[in-house]
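Notes to accompany the following structure.
The values are calculated or read from the model by the stated rules, or taken from the named source; none is laboratory data. Everything quoted here is computed from the prediction, not taken from an experiment. Only protein heavy atoms, including side chains, enter the accessible area calculation; ligands, DNA and RNA are left aside. Shrake-Rupley method; radii C 1.70, N 1.55, O 1.52, S 1.80 Å.
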Amino acid sequence: MKNKNDELKNNLKEIILDFLTQLGLDADIEIADPVVGDKESGFGYVNVVLNGDNLGELIGYRGTMLESIQTVISLMLTKSLAKTGETLKYRVIIDINDYRNKREEYLVSHAERAVAEVLASGQEMELAPMRPSERRIIHLALKDHDEVETSSAGDGENRRVVIKPKSK
């Protein structure tokens with residue numbers, strides 16, 4: 001007898017396979033067991049890893065296409081599950097060819113270079129606008145730094161990290 005997690009994972013795998021087939025792509029798909037948040041939020045999360053050739057176009061510039069695909073796949077899964085009476089909505093988080101780790105390494109490296117510039121010049125520096133998850137990576141990477149502090153500035157899609165020397 002299949003449990004609820006296996007049914008959800010099989011359903012999600014079919015959605016992703018269909019999506020990739022429509023695009024003429026092929027990938028190895030690994031789906032982790034869903035994680036359900038508190039019942040009040042009404043959301044669960046499912047991590048998916050795709051590995052294969054020619055998947056770079058699914059990532060897009062700085063992951064913007066990947067974010068959009070996650071949204072579409074999440075909506076498709078939620079709609080499919082609603083037909084079975086499931087009221088919980090799932091957010092699908094997709095990683096393609098280890099993109100997320102590589103992006104995190106890049107962001108931390110970028111932050112360290114920015115710190116060097118800030119310390120050399122004594123002036124604050126604003127980084128390019130980033131999504132909340134990417135800003136969080138930078139804030140966490142620099143939170144224990146002795147000589148600089150970070151904050152966020154701007155609104156919406158123009159929100160960015162500001163790195164400035166700590167006042168003495």
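Quick notes
- Volume in Å³ per residue [convex hull over Cα atoms, computed for region 102-168]: 74 Å³
- For region 108-124, Karplus couplings with θ = phi - 60° (6.51, -1.76, 1.60), whole Hz, Gly/Pro x: 5, 4, 4, 5, 5, 5, 5, 4, 4, 5, 4, 5, 5, 8, x, 10, 5
- From the alpha carbon centroid of region 92-168 to that of region 33-90 is 26 Å.
- Over the chain, accessible surface divided per residue gives 63 Å², non-protein components excluded, 1.4 Å probe.
- Max-minus-min Cα coordinates of the chain on each principal axis give 64, 40, 26 Å, with the largest extent listed first.
- Portion, in percent, of the accessible area of region 10-168 that falls on carbon or sulfur, probe 1.4 Å: 49 percent
- Volume of the Cα convex hull of region 26-101, divided per residue and given in Å³: 101 Å³
- 3J(HN,Hα) couplings calculated from phi for region 140-146 with the Karplus curve 6.51 cos²θ - 1.76 cosθ + 1.60 (θ = phi - 60°) are, in sequence order, 5, 5, 10, 4, 9, 5, 6 Hz; Gly and Pro show x.
- Amide H contacts of Gly44 (H built 1.01 Å from N, in plane; Pro and chain starts excluded): Gly37, Lys89, Tyr90, Arg91 sit under 5 Å, all sequence-distant by 5 or more or on other chains.
- Partners for Lys4 among aspartates and glutamates (Cα-Cα distance below 18 Å; same-chain residues under 8 apart left out): Glu14, Glu30, Asp33, Asp38, Glu86
- Share, in percent, of DSSP beta bridges within region 15-137 that are antiparallel, nearest 5: 45 percent
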